[in-house]
Each structure stands twice: as C-alpha cells, then as structure tokens.
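This report refers to the structure that appears directly beneath it.
Any read-out appearing in this document is the output of simple, stated calculations on the displayed coordinates, not a laboratory observation. Only a predicted model underlies this, so the values are computations on that prediction, with no experimental measurement involved. Glycine gets a Cβ as well: all are built from the backbone with ideal geometry, and neighbour counts include every protein chain shown.
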Amino acid sequence: MDYFVNVTITGLTQGIIYSAFALALVLIWRSTRIVNFAQGSMAAATTFIALALIQAGQSYWVALVVALVSGFVLGALVERVIIRPVEGGPELNAVIVTLGLFVAIQALIAIIFGSSFQSFPTPFGVRGFQVGGSTIPLTPTSLYVIGSVLITMALLVALFRFTRVGLAMRASAFSQEVARLLGVKVGGMLTLGWGLAAVVGSLSGLLIAGGGFVYPAYMDSLIVFGFVAAIIGGLDSPVGAIVGGLILGLALSYVNGYVERGSALVSVAALVILIVVLLVRPGGLFSSTTARRA
Amino acid sequence: MSDLQSPTSAAAGKATDDAPTTSTAGANAPSAPTGTGRSFLPQSTLPRHLVVLVLSAVLAVVLLEVSSPYQNSQIATLSYYAIAAGGLTVLTGMNGQISLGHGALMAAGAYTTALFLDADEPLPLPVILLAAIVVATVVGALVGVAAARLHGPYLAGATLALAVGLPGLAIYFHDIFGGEQGMRVRAPQAPDAFESFVQTVSGNNASSTKWLAYVGVICLLITYFFLANLVRSRIGRTWRAVRDQEVAAELAGINLGAWRVLAFVVSAAAAGLAGGVLAIVVRLAAPSGFTLVLSLALLTAIVIGGLGSLLGALLGSALLVFLPPFVTNLGSDFGLNGTEAAQLAPFVYGVVLIVAMIFAPAGFVGTIRLRRMTAKARRGSAAQAKAAGANGG
Amino acid sequence: MAETHGSTAMSATGTTGGTATTTRLLEVEGLSSAYGPVRALDGVSLSAEAGRITAVLGANGAGKTTLLRTISGLVRPVAGRVVLDGEDITKASVESMVGRGMAHVPEGRGVIAELTVDENLRVGALFRGKVGKDEFDRVYDLFPRIAERRNNAAHTLSGGERQMLVIGRALLAKPRVLLLDEPSLGLAPRIVAQIFGLLRQLVDAEGLSVLLVEQNARSALSVADVGVVLNLGRVVVTDSASTLMGDEDLRHAYLGF
Ligand SMILES: Nc1ncnc2c1ncn2[C@@H]1O[C@H](COP(=O)(O)OP(=O)(O)O)[C@@H](O)[C@H]1O
Ligand SMILES: [Mg+2]
C-alpha cells in the first residue's frame, strides 16, 4: 500500500511535467495546426543556457528567468523565420521543417555545450518528507515542480480568459480569417503564441532537468511523452493535455514500479498507450468533437 | 505534397482512369528514375528496367574494383542507406505517409541477422537476409495497420514514439539482444566463387570488406529493380491515386487503408534488408546504432532526393555517406574537437530539411524535373505541353 | 418599401460619370481577380454610396464572394483598384480594413464558434481599444435574442441568431461601409425579412453604406436601392433596384425569378 502511494506520487510529479510539455504542444497546435517536434530541442537549448549561467556563478533563479525569456525569443523567432513560410501549406512540409529544427538544434547544443552528461541543480532538496516515520517520495523539489506548473497554468488561464491579448489570440487560433477581418493582427498573435508555448516548454525542460543530468538528447523521450499526453487529451484541448499528462505519468510510473526492469519498458509503454488511444479514440479521450480524424 | 507536384497528380489521375490497360503504364508513372524515355532504352517497363539493372551492375563492379578498400566500405554503407531510403521514398513520396520509425524497422532486420549469424552453423546469407526482411515486414505490417488510419503530424508522432520506444525492448530482453552493448555480428564468409570472380575481373585481393560491399550493392540493385517495377505497376499507380485523390480513389472503390498498409509493408521490407546489410557491414547491432537521428537522416535523404524518386533517394543516401566525413573535417579545421565536429553532420541534415521545405519542397531531383517540365511546356505547343505533363519526367 | 427607395436611388446613381457627389464611399474600378488560371473577376466596376444599400446579385459562381474578398484584401487583385472614401486601399492589409471604416461579414457568417456570444462581440471591438458597455448594450437591444444567450458558446446559436451576432459584431466596429455576403442563406423568410428590415433602418438612420451580396435576388432587391448583376465575373447591368425588379427578361436571365 505504501509502495503504491509512493509510485503514485512519483507518477503525478512526473506527469505534471508531461502536462506542461503537452500544453505547450497544444497551444501551438491550436493556433497553427502544427505539431512542434522541435519543442524538446528548443527546451533543451534553453536549459543549457541556464546551466551555463549557473556554472558561471549565477543563481538558479536568474538562470531560470533568462532561460524562460530566451525560450520566448527562440519560439517567436522560430515562428517568424522558419514556420511562417510553411504555415497553411501541406501538412507534411511543416512536419518535416519542425523535425529538421529538432535535429539541427540538438546538434548545435552538442557543438556548443558538449555531448557529455552534466548534472543540473535544483533549488530545493530532493530528500522526501517524513510522514508517520516513513519517507514518501514527495520532496521539496517535487513540490516546487508541481507549484511552478500550477502557477504557469493559472497565469495562462488568466491571460486567455481575462485579457484583450488573450481574446485576440484565441480568436486567431480558432478562425484566422475572421480574426483578420475583425482587425486582429493574426501574424503577431501566432508569433506570440509560439513564444509563450516555448516558455512553457522551456519550463518543463528545466523542471525535468532539476536534480538530474542533462545532455543534448535528454528531452527526446519527453517529446514523445508530451506528444502522447497531448494526444490522450485530443491535441486540441489544454485541459485534456493536462489530464493526459497526469494519466501518462501515472501509467508510466506503474510500469516502472511494478514491472521487473520496467524502466526499459517505459518508452514502449508510452508507444502502446499512444497506439491504443489513436486507434480507439483518435480524437482523444476528452474531445467533444466526435468526427475529428487523426 | 500534391500541389508541389501538380504534374504528377494530373498524370496519376489519368493513370487511374485507364488503369486496366498496361501498355500506357510506363508513360503514366511520373516518379520513376529512368522515365525520360531516352530513345536507346526499350519502351516498355520491364525490359527497360532490366537493361538499366544490367548496366548498373556492370558500373557497380567497375566502381568497386577501381576504388580503394576505404571507398569499398563507403559503398557498403551507401548501399544500406539507399536500400532503406528507397523503401521510405516509396512510402512518403508515393503514398504520402511519413515514417520516423524506419530506424526501428532497420533494427528489427539487424538484430534478426545478428541472431541468425550467431548460430554455430549459420544458414546461407541470402536466407538470413530473407529472414531479416520477413521479421521487419511483420513488424512493419503491425505498424502499418495502425499507421493507415493516421496522417501528417499524428503519423509522425506515432512513428517517433516507435523510434524512441523500440530500442527499449532490446534493453529489456538483454539476455537475447545484449542490452545497451548490443550484439557483435560475425562477418559472413565470402564463397570461393567470389574470390575467383574478383581474380578474373581485376586481379584485386578479394578482401572481406570487398565481399560485404558486393553484398550491399547486390541487395541494393535487387531492391531498386523491384521497387522501380512496383512503382510503375498498377500498385504504384494506385498508391499515387491514394495520395493525390484520396476522395476520388475512395469513391472508385479503392480500399485506402489496405493500400496504405501495403505501402508500409513494402517499405518495411526494404528497411529490414537495409538493417541486415547494416548489421554485417558494421558488425554490430546495438540500440545506439538505431537512434532517432538515423531515421531523420533517412528522411533527409529522401527529402533532398525529392520525395518519391528512387534516383533521388540514391543521391540523397550518397550525401549521408560522403557529407559527414567532409563536414567533420571542415569542423576540425575550424578548431572543433572530434565529438563536436561529429555533430556537424546532423546539424547539416536539419538545416537541409528546413531549407529544402522552405525553398525547394520538390527536392533536388524534383526541382530539376519541374524546371525541365515547365521549360518543355513553355517551348512546346499546347498539345506538346500536355504530352510532357502525361510523361511526367 | 422597395419602390420608394428604388426611385430615389435612380436619380442619385448615374452609373458612369454622372454627378460626382462626395457620398461615394466605396469605389471599385476595373477589378480583376484570379485563382490560378481561373479568372473569377473580370474588370468589375461599381460604387457604393452613403445611406444606400447596393445589392450585388448573380448566380452561384458568378464571383460575388470573390468581389467582397478582393475588396477587403483577402484576395489580391490582378488588376484594378479599390478606393474607400478617396483613399486607394487596394494594397492595404486585411487587418487594417475595419480601422478604415469597412466591415466585412464573410460568407458563412464568420461566427467564431468556440467563443461565447459576448466574446465574439468583444473581438469585434478589440481594434478600437476601450469600448464602453453602452455600445454592447445597444447591440443587445437591437438583437434581444442574442442578449439572452450572451454567455453561451456561439456554436449553440441558430442560423438567424448567428446572423444577428455577426451583424451586431460588425456594427460594433462603427463602419461606414458594411460588406455582407449572403446573409439570407439558410434562413427562414420571416427571419430574412426581419434582418433586412433592420438593415434598412440602420442605413437610413446612420448613413451607412451597405454592399449586400445575395443570390436571393427578390429579397435583396426589395430592400436595396441599387442592384449590380454579376455573371461569370463581369458586371452585366447596374441599375436601380426597382428597374431591375421590373425587367422581366433580366430577372429570368440572371436572377432566377
Ligand atoms: N478558393 C478558390 N480556388 C479556386 N477557384 C475558386 C475559389 N473560390 C472561388 N473560385 C471560383 O471562382 C468563381 C467565383 O466564385 P465565387 O466568388 O465564390 O462566386 P459566388 O460567391 O458568386 O458564388 C467560381 O468559378 C469558383 O469556382
Ligand atoms: Mg459566394
């Protein structure tokens, strides 16, 4: 029973990071109908920027802010320069462009920062709290992870719900042409959307790195997990992405915790979940639109 | 894709109309490599491809015999890239489906080959490679059934998950597959006939490197001969119809799903053979050999080659072989250390993918073909222009 | 009602040359547009005046939608120009059109289905910066049916309610020229009459200029001052609505009633 609780807590903590990453994918999908396969590499790039700052003696928090800001700039730049020419074109072209960006950035990270494993700090402890004499895997760091993702999500909700820019972004995402006819500068909204998504992606990159090791490809599995989480949620729904991330986090944690040498099977499990969801409910578990084709 | 290659879609539409007659098949197939109808080649498809096959074989022997052992091994590498890229270009170019999972399918072929060669009395090499094809085909059929219902980013994401997930199985079953370290592959012995063949042709030393290069090239030629004929057959035409005119094809009673699965199966078979060749050439089957970067490199090859063209896939694969040493040297000259310089190749792949999609989505061969076609159309009368459209390339 | 307006319009609208009154808000001169090799508009000229409803009529595929889309910049013309209140806006961006006083309600209405009714209206007012609550209330007063549903998602609205929503949304932009693309499509005749009647009131009261694209020529001519008939991308005839109504040959040939 205790073990079960522990595995569950671990799953939820990991899952909420998948949620954040999936949310970033969904934000971009909603506005441009593009899955940004480069998002993992982009997040890794900003994490390495943060690491460079920390190694140069800056505090974690300065590094965090710089990483998030550079994430925003990177996302906006990518949309303007690389994505804009293929937007609205054949979907395969956009897929190939983001894949190209994925490899290019990852290689660039290796060239600039090296390919070796480097440890990434966390501002809080990684020792579990004591509950009734036993240690649970809920650590100050995991509280920090959960807290920062929740705060980010709250800020996003506030932005989209209560601000004029948020309304303009939603209008642009749902109906570009109508929004333009109503005077909304849709191009700017798309750039902003990519920038914000990259901030959220960068955050999840930093959170997954915290207290562990980073190397240029350390986000490869997260892009898969984030994609699977987003698909579970239907790719169109921010709430779905969050729930999808938590479900996936739990599922993978149970595989890891209850199957012998399960850690090798985590990616395989994600693959199986993805296939099942795509075949059984291509629109995701939470979609209200029934006739969406995968 | 379809609007990048509008001449092909027009031709494919025509092709579906007169599908039952085989005589027009060659003229209607737009994307096969030798389709310019040069006068010295036979007009109908099979004999023409046979002539090309024989010529290519002769050329290959000459190439293999005049080149150094190092170049021999590069040719061996080229052949497994090209086999896999050929299969992938059939899938992506002809059928409009993308796959990032071909690295994983190659792994299936490579591990199969490694296991069979590990036996005390290994089966003959052709049988082993056939087994590699069969295993990859089975995996490919499973993937294909799932993939047939997906498109674009969904398919890319699903096959990405395959590429990341499947190596996990090799680690999980490490007693069989050797875990992270992978399996050493015993090099197959060259038959005596090979030695006497090389002796007669060039008097060179029939090294094992040379033998492996020959194996690779033979597999490559057979694969491309098979694929080129397939592309020009009714099957190929139906694939293009499925790609270009999904709705029309469905209305015409074509079972889209079945055709997509078939395309996946064919390209998986090629990937399996490529994996088998890779295993014997590299002498190792390990998870690190089948990373996402491999799948993306294959994608780069076919994008450069202009999705759907076998000749393009071959040229693109050549780039995968000859570019890395080139840029790595360049990087070293500019003061990068070894591991950093090694990353220049994937960097270039990525940049090439982006630039190609933004500026020349029809790819290298496709762009030239389009140029030639528009020039022809401009020169000729309306009737001639129409003929050029129907000939397609 | 149509007759009265028709006769006043006839005197004011010399189609070519004529009296250069400053009331010509929108002028389209020799406009041609193409989709690849398909030419959808071929040298279309017309003008829309303040306080008038100009109906653009024609069969399916005549180029009516293309005309409106070219005017508002969604389609770039291959020849010709669009002049709004003396200013050449042929090359102006789509986004700038509402700011210049031209609102376009596209074919299929352009409700943003995922947003609520209220949010749809707010998007329409975004470009103006702060807009007082009283202006929203005016729209709701005009269309009480959508006022009741202001917090519902727009995809739950009926066809008529959607039309009211998009017209209300366009009005929030305080346009001088309003482009409407087939507002009557799919609506019950009673609703069409109601919406057209309201349109007439607005035009008369506020001096708005409306370019009303319709396949439903009878209803459109009953409310319009001037009619322009398009066929295969060209203007076939421009005349007062009442004259067009009376011309039986023309009606049979192009207007289908
Ligand atoms: N997006 C498009 N691409 C190609 N042709 C189009 C497109 N939109 C309209 N057309 C063609 O342009 C012509 C005019 O269409 P349209 O302006 O929609 O006419 P209407 O609104 O009067 O029905 C038609 O022949 C139509 O087929
Ligand atoms: Mg229309």
Check: Once the other residues with Cβ under 11 Å from the Cβ of residue C:211 are scored (Lys, Arg +1; Asp, Glu -1), what is the net sum?
Finding: -1
Next item on the list: Report the paramagnetic label zone for residue B:120: residues of segment B:160-195 whose backbone N is under 18 Å from a point 7 Å from Cα along the Cα-to-Cβ axis.
Entry: B:186
Next item on the list: Could you check the simple spin-label distance between residue B:359 and residue B:226, using points 7 Å along Cα→Cβ, in nm with one decimal?
Entry: 3.8 nm
Next item on the list: Towards the positive end of the charge dipole of segment A:51-180, with charges on Cβ (+1 Lys, Arg; -1 Asp, Glu), say which of A:98, A:171, A:120 has the farthest Cα.
Entry: A:171
Checklist line | segment B:223-340: relative contact order in percent, alpha carbon pairs under 8 Å with at least 6 residues between | finding: 13 percent
Check: In terms of modelled amide H atoms, which long-range or inter-chain residues lie less than 5 Å from the amide H of residue C:56?
Finding: C:212, C:213, C:214, C:228
Next item on the list: Arrange the peptides A:88-99, A:126-137, B:241-252, A:164-175 so that the one whose residues have, on average, the most other Cβ atoms within 10 Å appears first.
Entry: A:88-99, A:164-175, B:241-252, A:126-137
Next item on the list: Could you tally the net charge around residue C:158, taking each other residue with its Cβ under 13 Å from the Cβ of residue C:158, Lys/Arg +1 and Asp/Glu -1?
Entry: +3
Notebook entry, point to check: Across peptide C:124-130, how many C-beta atoms of other chains are within 10 Å of each residue C-beta, on average?
Noted result: 4
Item checked: For segment B:196-304, Kirkwood radius (reciprocal of mean inverse C-alpha pair distance, Å) -> 16.9 Å
Next item on the list: Answer rounded, prolate or oblate for segment A:71-162, using the Cα gyration tensor with square roots of eigenvalues a ≥ b ≥ c: rounded when a/c is under 1.5, else prolate when a/b is larger than b/c, else oblate.
Entry: oblate
Notebook entry, point to check: Looking at the protein assembly as shown, how many pairs of lysines come closer than 18 Å at the Cα, when each pair is eight or more places apart or spans two chains?
Noted result: 6
Notebook entry, point to check: Taking the highest mean first, how do the peptides A:14-22, B:220-228 order by number of other beta carbon atoms within 10 angstrom per residue?
Noted result: A:14-22, B:220-228
Note to self: Less than 15 Å Cβ to Cβ from residue C:100, Lys/Arg counted +1 and Asp/Glu -1: what total charge do the surrounding residues give?
What the structure shows: +2
Item checked: Averaged over C:90-101, number of beta-carbon atoms from partner chains that fall within 10 Å -> 3
Note to self: Per DSSP helix of 4 or more residues, -39500 (n - 2.57); summed, then divided by the residues of chain C. What does that give at 222 nm, rounded to the nearest 500?
What the structure shows: -10000 deg cm²/dmol
Next item on the list: Among DSSP beta bridges lying fully in the protein assembly as shown, give the percent that are antiparallel, nearest 5.
Entry: 60 percent
Notebook entry, point to check: What angle do you read, to the nearest 10 degrees and between 0 and 90, between the alpha-carbon axis of helix A:2-32 and the longest principal axis of chain A?
Noted result: 10 degrees
Check: Hey, can you rank C:36-44, B:309-317 by average C-beta count inside 10 Å, highest first?
Finding: B:309-317, C:36-44
Check: Does segment B:45-292 come out rounded, prolate or oblate by the C-alpha gyration tensor, with a ≥ b ≥ c the root eigenvalues, rounded set by a/c under 1.5 and, if not, prolate when a/b is larger than b/c and oblate if not?
Finding: oblate
Item checked: Two-site FRET efficiency, residue C:257 against residue B:248, from Cβ-Cβ distance with R₀ of 51 Å, rounded to 0.05 -> 0.90
Checklist line | Degrees between helix A:91-113 axis and first principal axis of chain A (Cα, 0 to 90, nearest 10) | finding: 50 degrees
Next item on the list: Pull out a ≥ b ≥ c, the square roots of the eigenvalues of the alpha-carbon gyration tensor of the protein assembly as shown, then state rounded if a/c is under 1.5, prolate if not and a/b is larger than b/c, and oblate in the remaining case.
Entry: oblate
Check: How far is helix A:164-174 tilted off the main Cα axis of chain A, in degrees rounded to 10, range 0 to 90?
Finding: 80 degrees
Checklist line | Residues residue B:235 and residue B:329, FRET efficiency given R0 of 51 Å [Cβ-Cβ distance, rounded to 0.05] | finding: 0.70
Next item on the list: Mind checking the full-extension length gain between residue B:258 and residue B:141? Use 0.36 nm per residue of separation minus the Cα-Cα distance, one decimal, nm.
Entry: 41.1 nm
Check: For residue B:201 and residue A:213, what does the FRET efficiency come to when R0 = 56 Å and r is the distance between their Cβ atoms, rounded to the nearest 0.05?
Finding: 0.55
Next item on the list: Over the whole of A:267-273, what's the average partner chain Cβ count within 10 Å per residue? Rounded to a whole number, please.
Entry: 6
